[in-house]
Amino acid sequence: MPSLSDLPAEILMEIVSYYPQLIHGVPTGDRFMRDKPLQAEPSNFRALEGVDESFVGNQTLRYLSQTSRRMRDIFLPMLWARFHACFTRYNWPRRKIKTRAKMLERRMKGIQKTPYILPYIRTLTITLQECSMGNWQPMAEFIRVLDLLPNLKDLTILRVPSEMVAVLSTSCRGKVFPSVSQLALDNSLAPIMPCFPNIQTLTFIWPACIDVLVAVKDYCQSIHTINNFLLSPEVVKCLRDVIPNVKQISLWSYHGLSQDKLCLLESMEALSELRIHHRPLYTYASQYLPPLSQEIVAAAKRVLGTSKAVGRKTLCFHELTNEGTKETVITVGGNM
């Protein structure tokens, strides 16, 4: 009688598609300031209501990978593709800071002692809030782990205390992590940008971004996507100077959008995609925002209409309505 292991790999992969992603996009500083959970950025966003649900996909992958040698070959890489060393309100332990720091340290050391999973890790999310001048070991272990991940593509660094920024910068000095192509971090971490010369997508945890933008000018020449920054004349001027050929921009209406602010993005050199997320940063079951005004929609269209990029340009609105998540895609220019 055929068993689960006898199914084609394509059908086995369908099992995983029914579970929510365990890495839920990049959270903004506002969400962490209010002790909110990680949330999804993509259009298929769903809020996770409890710790059991948020890790059910992880447990499923673990059990499947323990079923047989073939299932291990298929599902173990998927289980370890997204690695978390972060605390949210769903998994926040009610313990002292030093105890939480030890938990992070053990997690980092555990990875180093399991070399066969290192090539599987593609995404790493870490919080370093527990680190201090007298308790810096978790940060040191984090740097050691970065050195050991040959296929790391997506890195998110959250909650670095201000007094530890210099320590992190010194620890990273002279190091290069060439595999990282997507980076999410706070503006205060500008000194570590030389370590990531090949990033293509840059996401800001807080909307502030001037320091990082200035830092990438000399070290990161491949950036084409910028996410989650605050529109202001100073920021946009810096963006045009540092990354003149930016192709994709993603904005949150939560941080304030207006016709005047959007017009700052007109006549960009290569902008071909503009995404606007119009929903609360943290989603309650019945919470939604009124639709974006027609003036905002028209201003966003003008941004792409005046772009010097050749061909079709895409305008995407991600909204949370009383009927659920809604994505609207508008094609601007080109042969429609």
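Just a few scattered comments:
- Test result for Thr88, among the β-branched types (Val, Ile, Thr), more than 21 Å from Val167 (Cα to Cα), modelled with pLDDT of 75 or more and not in a helix (DSSP H, G or I): no
- Verdict on Met108 being touching a helix residue (DSSP H, G or I) at 6+ places or on another chain (Cβ under 8 Å) and not in a loop (DSSP other than H, G, I, E, B): yes
- Checking each residue in the range 173-206 for being over 28 Å from Trp252 (Cβ atoms) and at pLDDT below 95 picks out Arg173, Gly174.
- Picking from residues in the range 273-304 that are assigned to a helix (DSSP H, G or I) and surrounded by fewer than 14 Cβ atoms within 10 Å (Cβ to Cβ), the one that is modelled with the highest pLDDT is Ala298.
- Within the range 187-233, considering residues that are aromatic (Phe, Trp, Tyr) and farther than 18 Å from Ser162 by Cα, the one nearest to the chain's Cα centre (by Cα): Phe229
- Taking the criterion of being acidic (Asp, Glu) and part of a helix (DSSP H, G or I), the residues of the range 124-156 that qualify are Glu141, Asp147.
- Scanning the range 115-134 for residues that are surrounded by fewer than 19 Cβ atoms within 10 Å (Cβ to Cβ) and closer than 20 Å to Arg173 by Cα yields Ser132, Met133.
- Per-region count, the range 254-268, residues in a helix (DSSP H, G or I) and surrounded by 13 or more Cβ atoms within 10 Å (Cβ to Cβ): 8
The values are calculated or read from the model by the stated rules, or taken from the named source; none is laboratory data. As the structure is a prediction and not an experimental result, all values here were calculated from the model. Cβ: placed from backbone, ideal geometry, glycine included. Neighbour counts: every protein chain shown.
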